[in-house]
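**Student:** Questions regarding the structure given below will be posed in turn.
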Amino acid sequence: MPQTPLNIPIGTRPGTPITTNTGTQVKAGGGVFFGFSVLTAGSAWTASVYDGTSTSGTLIAVVSLDATGPVTYPPIRFVDGLFVETAGTTAGSAVVAHF
């Protein structure tokens, strides 16, 4: 089976759906953030991604979710948890790619 640079089999990354403007605890503890898959674009919709359990964690990415398709990043490790806060005029539908 093909592998990612982190030796994770392709197609096995878990995802967490987000469909509202809110804060979401995506994962507790350490892991790797890969980006988003935007299923339905929002209007002026952005996601702030934190290493931690709330917005008081370390900001690791700010992402525009205004267009459908993948929004990928080089793998970003997080230690304390993965927290995503979304905001904008209209929320869309996106899946957070992480492991």
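**Student:** On the given criteria, is Ser93 within 16 Å of Pro17 (Cβ to Cβ), polar (S, T, N, Q) and touching a Leu at 6+ places or on another chain (Cβ under 6 Å)?
**Tutor:** yes
**Student:** Those residues that are in a loop (DSSP other than H, G, I, E, B) and surrounded by 14 or more Cβ atoms within 10 Å (Cβ to Cβ), I need them from region 68-99; list them, please.
**Tutor:** Those that are in a loop (DSSP other than H, G, I, E, B) and surrounded by 14 or more Cβ atoms within 10 Å (Cβ to Cβ): Thr68, Asp80, Gly88, Ala91, Gly92, Phe99.
**Student:** Residues that are closer than 11 Å to Leu82 by Cα and at pLDDT 90 or above: which strands (runs of 3 or more DSSP E) entirely in region 1-67 hold 2 or more of them?
**Tutor:** 23-28, 31-40, 46-51, 58-64
**Student:** Of everything in region 17-43, what is over 12 Å from the mean Cα position of the chain (by Cα) and of a type in the set (A, V, I, L, M)? Give them in sequence order.
**Tutor:** Ala28, Leu39, Ala41
**Student:** Does Ser48 satisfy the criteria of being of a type in the set (S, T, N, Q) and within 13 Å of the chain's Cα centre (by Cα)?
**Tutor:** So Ser48 passes the test.
**Student:** Collect the residues in region 70-89 that are of a type in the set (Ser, Thr, Tyr) and modelled with pLDDT of 90 or more, keeping them in residue-number order.
**Tutor:** Across region 70-89, the qualifying residues are Thr86, Thr89.
**Student:** Another question about this same structure. Please indicate, with yes or no, whether at least one residue in region 36-44 is more than 14 Å from Val95 (Cβ to Cβ) and surrounded by 14 or more Cβ atoms within 10 Å (Cβ to Cβ).
**Tutor:** Scanning region 36-44 turns up no residue that is more than 14 Å from Val95 (Cβ to Cβ) and surrounded by 14 or more Cβ atoms within 10 Å (Cβ to Cβ).
**Student:** So, one more: Can you name every residue in region 45-67 that is under 20 Å from Ala91 (Cα atoms), of a type in the set (A, V, I, L, M, F, W, C) and either in contact with a helix residue (DSSP H, G or I) (Cβ under 8 Å, 6 or more places away or on another chain) or surrounded by fewer than 16 Cβ atoms within 10 Å (Cβ to Cβ) (or both)?
**Tutor:** Residues satisfying the conditions are Val62, Ala67.
The values are calculated or read from the model by the stated rules, or taken from the named source; none is laboratory data. Being a predicted model, the structure only gives us computed values, none of them experimental. All Cβ positions, glycine included, derive from the backbone under ideal geometry; neighbour counts span all protein chains shown.
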